[in-house]
1. Inside segment 349-371, can you point out the residues that are among the basic types (Lys, Arg) and either in a helix (DSSP H, G or I) or touching a residue at least 24 places away in the same chain (Cβ under 8 Å) (or both)?
2. Filter segment 120-139 down to residues that are open to solvent by 50 Å² or more (accessible area, probe 1.4 Å) and under 14 Å from residue 169 (Cα atoms), then give me how many there are.
3. Does residue 434 satisfy the condition of being open to solvent by less than 10 Å² (accessible area, probe 1.4 Å), in contact with a Pro (Cβ under 8 Å, 6 or more places away or on another chain) and touching a residue at least 24 places away in the same chain (Cβ under 8 Å)?
4. If a residue must be assigned to a helix (DSSP H, G or I) and under 12 Å from the mean Cα position of the chain (by Cα), how many such residues does segment 428-456 contain?
5. Consider residue 150 carefully, then state whether it is open to solvent by 20 Å² or more (accessible area, probe 1.4 Å), touching a residue at least 12 places away in the same chain (Cβ under 8 Å), closer than 24 Å to residue 62 by Cα and in a helix (DSSP H, G or I).
6. Given 112, 99, 88, 126, which one is within 20 Å of residue 51 (Cβ to Cβ) and either without any contact (Cβ under 8 Å) to a residue 24 or more places away in the chain or assigned to a helix (DSSP H, G or I) (or both)?
7. Restricting segment 546-571 to residues that are part of a loop (DSSP other than H, G, I, E, B) and in contact (Cβ under 8 Å) with a residue 60 or more places away in the chain, which is farthest from residue 454 (Cα to Cα)?
8. Residue pairs, Cβ under 6 Å, 6 or more apart or interchain, first in segment 155-170 and farther than 22 Å from residue 36 by Cβ and among the hydroxyl-bearing types (Ser, Thr, Tyr), second open to solvent by 40 Å² or more (accessible area, probe 1.4 Å) and in a strand (DSSP E or B). List them.
Amino acid sequence: MPMMKGGELIAQTLVQEGVPYVFGICGHGNVGILDALYQVRDKLKLISPRHEQCAGHMADAYFRVKHRPVATLTSTGPGSANLVMSLATALSDSSAFMAITSNVPTSQHNRAPFQELYKHNQADFAQVLRPVVKRAFQPTRVDMLPLALRQGLDTMVTGRPGPVNLDIPYNVYQEEADVELPARSHAHTAARMHRPGASDEDIAATLDLLAAARKPVFFIGHGATLSEAGLEITELAERLQVPVITSPNGMGCIRGDHELALGFIGRNGAYPANQAGRHADLVITLGTRFDDRSASSWQPGYSWNFPSTKLVHVDIDPQELGRNYPPTLGLIADVKVFARQLLTALAAREQKDIHAARYAEWLQQVRGWQAEWEAFVRPHFGDSTSPLRPEFVVGTLQKMLPDDVILALDSGVHHNWFMQFWQARRPQSMLNSWGYSSMGFGVCGALGAQLAAPDRPVVAVVGDGGFTMAPYVLCTAVEYELPVVWIVWNNFAWAAIRDIQYGLFDGREIGTAFYKGGSGERYNPDFAAWARACGAEGITVTRPQELAGAVELALKKRRPCVIDVHVDAEVRPPSTGTWQLPPVPFKEPVFGKPFVA
């Protein structure tokens, strides 16, 4: 076996696995691997953003677009600690990357050298990351690396995807051992070949439930996106003429403008989705979690009516079955495999009891809810106001952005508007930090998305607060010539929290709006000038007639660009479900009424 340094072994393994990028920042703790990365720089490119959190969000977004993991590299102490939020974000939304963190030399363990965590156990940084990764590995010798690398690469993408951590002491990068590269990971093929399916009995039971139902719906989530089941789900919906409700990370699996697509459900969901969920007698849910926002905080009759409504819950992760609602039938299965099984079984079964005509009356009722919702919301999409109405911004972007756009959304009030009205046209094209709702994900993740799909336009819609947290992305975009467009939803406030505060405390506000001194004058930086100072394009939009042209110009130039859009902060998304922060009572919907079966 050849003598190899630990750093060389890691770099060569990543090359062997076809990993194209490492997103990371140098430090004294990882300098031992940098020369090994230099030697393979033609095959494995080191991209260095200006903050470790950004590196993690980039890797997360890369996986969401490409469904192939990359790696991050961070140094000892604060550098790796900065990765915690992006790892939590990825774990919450089932996104995979390999986080290579660095630690102090093994000869100095428990001696409190520079940046060692040692109070409870020597070199204890892996304990910091264990709650936010699928698995943390801490090889302390070079000959331990091949197994840790192979297991880490497999663990990331087998079953429900998620990030893993390899915590490497500094000396392991530089020490040598007689080692071979680990066998090439089978995980990418195995994850495709060995996906679990439902039993024949469970498929038959699902068909029996469909045969008994009069008002069925599909509810699809990130599990549908991860399994790339969009074609199968669309075929199922069309064959049966059954409407489809989507969670944020399931958007695009069925085109948002499809006549059977009802959009998102929950407090800021679309009215037809909530109505269909309330009144359905059977829900077949594919890869969803029934979290509080997509279930109106589990209040009966506001989004769902379990257990009166029958539930078929399909998920690759058995921990999700029955977590929030007891299923009539719980199935551990990959969504794509299950959908194909259901299509095959439908074709083989006599069609007298399961067919589109059976659900025609139900579909007609759903069409009525869609018409009611359109009549209520559509007039505002044409409102010409300054500052711009939120509906006008969403509608203009829907018209101006091409079908193949990748939309990266940050956390904030703008996200509620896009949940309610955006129609994603492709899978893996709408990136949300949903489970952890991390500010910075959309701002930074757009860079990773652009590297995953260099020929597609990438547009990040981010709040003024979120963008101010991570403006360094402009430096990285200019440095690596990434033509990302950031649209800053500028309403001079942490508006999502300000609106909650208004609602809970009789219109009083503190700490959520941006003011200049004690004058009461609204304040934000000049985001367009900020962009130009970094070498990017910068445009300010204060009037509605300016927005379409600004977006068109930004896409045409194919350069990093910030469009600072001044949006009316006094217009709020119309709630069609509810949401509760106990013990405060929940609010009734602005549009629509609950229905308890």
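The values are calculated or read from the model by the stated rules, or taken from the named source; none is laboratory data. Fair warning: this is a prediction, and the values are worked out from it, not measured in the lab. No Cβ is skipped: glycine too gets one built from the backbone with ideal geometry, and neighbour counts run over all protein chains shown. For the accessible areas, the whole protein counts, side chains as well, though only heavy atoms, and no ligand, DNA or RNA atoms are used. Shrake-Rupley method; radii C 1.70, N 1.55, O 1.52, S 1.80 Å.
1. Matches in segment 349-371: 349, 358, 367.
2. The initial filter retains those residues of segment 120-139 that are open to solvent by 50 Å² or more (accessible area, probe 1.4 Å), namely 120-122, 127-128, 130-131, 134-135, 138.
Subsequent filtering for residues that are under 14 Å from residue 169 (Cα atoms) retains 122, 138.
So the answer is 2.
3. no
4. Count: 5.
5. yes
6. 88 is the lone residue from the list that is within 20 Å of residue 51 (Cβ to Cβ) and either without any contact (Cβ under 8 Å) to a residue 24 or more places away in the chain or assigned to a helix (DSSP H, G or I) (or both).
7. Applying the filter and picking the extreme gives 571.
8. Short answer, once both residue conditions are applied: 155/135.
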